[in-house]
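K.L.:
Here it is: the structure, laid out below.
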Amino acid sequence: MSADAGGGRVRVRPARTSDVRAIRALTAPLAEQRVLVAKEAVAYYEGLPELVVAELDGAVVGCGALHVFWEDLAEVRTLAVSTQARGVGVGGLVLAELLRRARELGVARVFCLTFETRFFAAHGFEEIEGTPVAPEVFAELLRSHDDGVAEFLDLARVKPNTLGNSRMIHYLEESARALDAARAGALGPAAHPGSA
Ligand SMILES: CC(C)(COP(=O)(O)OP(=O)(O)OC[C@H]1O[C@@H](n2cnc3c(N)ncnc32)[C@H](O)[C@@H]1OP(=O)(O)O)[C@@H](O)C(=O)NCCC(=O)NCCS
């Protein structure tokens with residue numbers, strides 16, 4: 001995907017191994033501030049197929065990843081734009097590519113945990129409470145070792161990472177929104193097992 005932004009040409013493309021250094025340079029300060037989940041270098045290599053980067057005039061200025069949680073659910077993570085390149089549409093282009101991937105993979109809902117509520121709302125995300133999955137899916141997700149899954153489940157061990165963040169979801173399919181509304185209505189507080 002290519003577009004004009006910030007007086008230059010932005011290209012969003014799948015990440016390559018040679019981009020990991022640049023991705024780490026973008027994400028390390030944000031991980032230190034607990035805006036993004038801190039990860040070892042090996043995790044970026046392992047997660048490479050999930051990652052895209054944005055190049056502005058050939059330099060990597062942004063990145064983002066889509067991590068699939070379950071049949072109908074994925075998460076936008078590792079979304080970052082260099083401070084110098086912010087506010088000209090790079091982040092929006094990266095997010096649009098991740099949502100395109102989500103559709104292509106057949107995902108119905110995309111979750112994110114963020115301080116950037118205005119940005120995500122402008123791209124169709126809405127704030128939610130709790131953990132919108134059926135109890136049996138919640139139990140399956142508990143088996144994951146991934147910190148992002150733990151944050152989605154709102155587990156006590158990751159609470160320090162999630163403090164002050166908003167939980168947001170983007171419905172790619174209206175049927176998924178209806179299902180979440182019905183689940184919340186039918187189960188009440190039990191729909192949010194992680195927040196107990
Ligand atoms: C969130 C983040 C990725 C957004 O990146 P970005 O490149 O600045 O995003 P955009 O430029 O597409 O949009 C940002 C704002 O600039 C505005 N904008 C977009 N294009 C613009 C342009 N051509 N001229 C002026 N403003 C523009 C948008 O309207 C948007 O405004 P909003 O704050 O009201 O939503 C970036 O702020 C960041 O790296 N934050 C820290 C990491 C983080 O919190 N990540 C999310 C958790 S996964």
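K.L.:
Taking the Cβ of ALA122 as the centre, find all other residues whose Cβ is under 15 Å away and add up their charges (Lys, Arg: +1; Asp, Glu: -1).
P.N.:
After counting each charged neighbour, the total is -1.
K.L.:
Between ALA38 and SER144, what is the FRET efficiency for a Förster distance of 25 Å, r being their Cβ-Cβ separation, to the nearest 0.05?
P.N.:
In this case the efficiency is close to 0.90.
K.L.:
In which sequence would ARG16, ARG167 go, from the one with the fewest C-beta neighbours within 10 Å to the one with the most?
P.N.:
ARG16, ARG167
K.L.:
Roughly speaking, what is the stretch gain from ARG21 to GLU173, that is 0.36 nm per residue apart minus the C-alpha to C-alpha distance, in nm to one decimal?
P.N.:
So the extension gain works out to 51.2 nm.
K.L.:
Would you look at the GNM of the chain, springs on alpha carbons closer than 10 Å, and say which of ARG103, ARG13, ARG118 moves the most?
P.N.:
ARG118
K.L.:
Right, here's the next one. Rank ALA15, ALA182, ALA96 by mean-square fluctuation in a GNM of the chain with C-alpha springs under 10 angstrom and give only the top-ranked residue.
P.N.:
ALA182
K.L.:
Modelling each spin label as a point 7 Å along the Cα-to-Cβ direction, I'd like the ALA3/VAL137 distance in nm, to one decimal.
P.N.:
In this crude label model, ALA3 to VAL137 measures out at 2.8 nm.
K.L.:
If you don't mind, there's one more thing I want to ask. Among GLY185, GLY89, GLY47, which one shows the biggest mean-square fluctuation in a GNM of the chain, springs joining Cα atoms closer than 10 Å?
P.N.:
Evaluated over the chain, the most mobile residue of the options is GLY185.
K.L.:
Quick one: order VAL149, VAL52 by neighbouring beta-carbon count within 10 Å, fewest to most.
P.N.:
If I rank by nearby Cβ atoms, fewest first, I get VAL149, VAL52.
K.L.:
Next question, about the same structure. Using the Cα centre as the reference, give the magnitude of the dipole from point charges on the C-beta atoms of the chain (Lys, Arg: +1; Asp, Glu: -1; all else neutral), rounded to the nearest 20 debye.
P.N.:
Dipole magnitude for the chain comes out near 480 debye.
K.L.:
Treating the angle as unsigned and between 0 and 90°, give the value, to the nearest 10°, between the Cα long axis of helix 90-105 and the longest Cα principal axis of the chain.
P.N.:
50 degrees
K.L.:
Would you calculate the separation in nanometres between label points at LEU105 and GLU129, each defined as 7 Å from the Cα along the Cα-to-beta-carbon direction?
P.N.:
It works out to 2.9 nm between the two label points.
K.L.:
Multiply the residue gap between GLU116 and ALA31 by 0.36 nm, knock off their C-alpha separation, and tell me the result in nm, one decimal place.
P.N.:
Stretched out fully, the GLU116 to ALA31 stretch lengthens by 29.1 nm.
K.L.:
How big is the antiparallel share of DSSP beta bridges in the chain, given as a percent to the nearest 5?
P.N.:
90 percent
K.L.:
Report, to two decimal places, the Cα Rg of the stretch 2-195 normalised by 2.2 N^0.38 Å (N = number of residues).
P.N.:
For the stretch 2-195, the normalised Cα radius of gyration comes out at 1.02.
Any read-out appearing in this document is the output of simple, stated calculations on the displayed coordinates, not a laboratory observation. Keep in mind the model is a prediction, meaning the values are calculated, not measured. Cβ atoms come from the backbone with ideal geometry, glycine included; neighbour counts cover every protein chain shown.
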